[in-house]
């Protein structure tokens, strides 16, 4: 068995695709082509930073019932499912609040000055205002949605679905901006070991977990330390608390969550940051998390729960 890996910039972050297989190289090359095509098509259709995307067109026509593609409908239904799972702590309608805070343009340097639609004067409403029918969807007038809070996880599961249907891949792990979905075994026949960076030092490992080999396994990390800035002399970060429509006031710098799907891990990791560290674990564990790791804003004790454990002593 050989390990095959490729890395590119996509979805606003480095994306790494790794697979283990004894298939011939042309077969692996074609599989990589299909995976990258799926990623770039997903970004082209559902990025809020692309004015021509299906998501942007949907926001343009807020208040009208609009015909939507089957793929967009499924993504919208996933967003509604995540809102229900989290008692609306995940809310796709926070885009206007996110732009008012300061997150208006892509963090990818090459696209930092691209034209982007401005929805900062629109309102934030509850997730139940997103209506989805058999082939249509609608949002209220004067609102706009952003699916970035669940999009990478959703995309990660799509990639995993494609590979899980094949018998010639012994194992894989895909990292989409640090959100990881994995299954199977590495080239040595061992489970994958997924490590979480120590954000206090940026040079060590805060914790880790090990895949079972048989089931899909996802780890997502959300942090206030990466997508951030200063607007009008006020610091902001990109994780909006929908209860206040402001960047979350939290004692947690970084939260990592394990789950059986990347979608659930992605959403619960952001919820864990929004909540006070004393509430986060009790919130995420009954909602599908199998492990959690919380790193404080100040140097201090990292807390571990479930599958996420301290790294081995060296």
Review point. Filter region 60-74 for residues that are in contact with a strand residue (DSSP E or B) (Cβ under 7 Å, 6 or more places away or on another chain) and closer than 14 Å to residue 46 by Cα; which is surrounded by the fewest Cβ atoms within 10 Å (Cβ to Cβ)?
Key: 73
Review point. Hey, any hits in region 188-203 for a residue that's modelled with pLDDT under 90 and within 30 Å of residue 116 (Cα to Cα)?
Key: no
Exercise for review: Tell me which of these residue 14 doesn't satisfy, since it passes every other one: (1) at pLDDT 95 or above; (2) exposed (fewer than 14 other Cβ atoms within 10 Å of the Cβ).
Suggested key: (1)
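Is it the case that residue 176 is under 15 Å from residue 13 (Cβ atoms), crowded, with 20+ Cβ neighbours inside 10 Å and over 12 Å from the mean Cα position of the chain (by Cα)? Break it down stepwise before answering.
Details: under 15 Å from residue 13 (Cβ atoms): yes; crowded, with 20+ Cβ neighbours inside 10 Å: yes; over 12 Å from the mean Cα position of the chain (by Cα): no.
Taking the combined requirement at face value, the residue does not satisfy it.
Quickly run through region 188-199 and pick out the residues that are farther than 25 Å from residue 9 by Cα and not in a strand (DSSP E or B). Step through it out loud before you land on a result.
So the first thing to find is which residues in region 188-199 are farther than 25 Å from residue 9 by Cα, and the list is 188-191.
Correct list: 188, 189, 190.
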Study note, to complete from the structure: So the strands (runs of 3 or more DSSP E) completely within region 212-314 holding 2 or more residues that are in contact with a strand residue (DSSP E or B) (Cβ under 8 Å, 6 or more places away or on another chain) and surrounded by 17 or more Cβ atoms within 10 Å (Cβ to Cβ) are 217-223, 234-237, 252-259, 289-296, 303-306
Practice item. Being in contact (Cβ under 8 Å) with a residue 40 or more places away in the chain, in contact with a strand residue (DSSP E or B) (Cβ under 7 Å, 6 or more places away or on another chain) and part of a helix (DSSP H, G or I) narrows it down to one of 77, 55, 17, so name that one. Key: 77
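Would you point out which residue out of 153, 133, 142, 149 is on the phi > 0 side of the Ramachandran plot and in contact (Cβ under 8 Å) with a residue 60 or more places away in the chain? First the steps, then the outcome.
Numbers: 153 fails: on the phi > 0 side of the Ramachandran plot; 133 fails: on the phi > 0 side of the Ramachandran plot; 149 fails: on the phi > 0 side of the Ramachandran plot.
Answer to the check: 142.
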**Study point:** In region 20-51, the residues that are outside any helix (DSSP H, G or I), touching a strand residue (DSSP E or B) at 6+ places or on another chain (Cβ under 8 Å) and surrounded by fewer than 16 Cβ atoms within 10 Å (Cβ to Cβ)
**Key:** 22
Review point. What tally of residues in region 112-122 results from selecting those that are touching a helix residue (DSSP H, G or I) at 6+ places or on another chain (Cβ under 9 Å) and within 17 Å of residue 55 (Cα to Cα)?
Key: 6
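Evaluate region 103-121: report whether one residue or more is in contact with a strand residue (DSSP E or B) (Cβ under 8 Å, 6 or more places away or on another chain) and assigned to a loop (DSSP other than H, G, I, E, B).
So far as region 103-121 goes, yes, one or more of its residues are in contact with a strand residue (DSSP E or B) (Cβ under 8 Å, 6 or more places away or on another chain) and assigned to a loop (DSSP other than H, G, I, E, B).
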Exercise for review: Scan region 131-148 residue by residue and report those that are in contact with a helix residue (DSSP H, G or I) (Cβ under 6 Å, 6 or more places away or on another chain) and outside any loop (DSSP other than H, G, I, E, B).
Suggested key: 132, 137
**Study point:** Single match in 182, 155 (criterion: modelled with pLDDT of 95 or more, crowded, with 23+ Cβ neighbours inside 10 Å and farther than 25 Å from residue 80 by Cβ)
**Key:** 182
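The values are calculated or read from the model by the stated rules, or taken from the named source; none is laboratory data. In this text the structure is predicted, and so the values were computed from the model without any measurement. Methodologically, a virtual Cβ is constructed for each residue, glycine included, from the backbone with ideal geometry; neighbour enumeration extends over all protein chains shown.
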